[in-house]
1. Taking the stretch 1-26 on its own, how many of its residues are among the hydrophobic types (A, V, I, L, M, F, W, C) and surrounded by 14 or more Cβ atoms within 10 Å (Cβ to Cβ)?
2. Hey, can you tell me all the residues within the stretch 39-76 that are among the β-branched types (Val, Ile, Thr), surrounded by 12 or more Cβ atoms within 10 Å (Cβ to Cβ) and in a helix (DSSP H, G or I)?
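Just so it is clear, none of the values below were taken in a lab; they were calculated from the coordinates. The structure displayed is predicted, hence computed values, not measured ones. As a convention, Cβ positions derive from the backbone with ideal geometry for all residues, glycine included, and neighbour counts pool all protein chains shown.
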Amino acid sequence: MISLPKAFPLEFRRDVVAVARKNGAPIARVAKDFGISEWCLQRWLKLVDFEDGNRPGVTQADAAELREVKKRIRLLEQENEILRRAAAYWSQASLPKWGSRWSSNWPPTGRFRSR
């Protein structure tokens, strides 16, 4: 079984990003000093840029809200489908059956006949 590495604590991430921004040292050196991969540090820097609005993209709060909205839409579509099917079922159930006493009088004759 493959085990995933544990995520770094949020405080640790903030500290590493702050050091990388403040010192102006190469990303490879800062990553090596903190024992993380260069790719990982680049990703953290990019995420912070998104959150700060320095780079166009979706923030984590916006992404979470979008997930919730999509989940709600999916639920409402399912409920709508159930109601649509129920309405179709009940409309078919309310029609008179052929051969019943109601359908034997169809089409209307006498005073109900159209002219």
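1. 5
2. Val48
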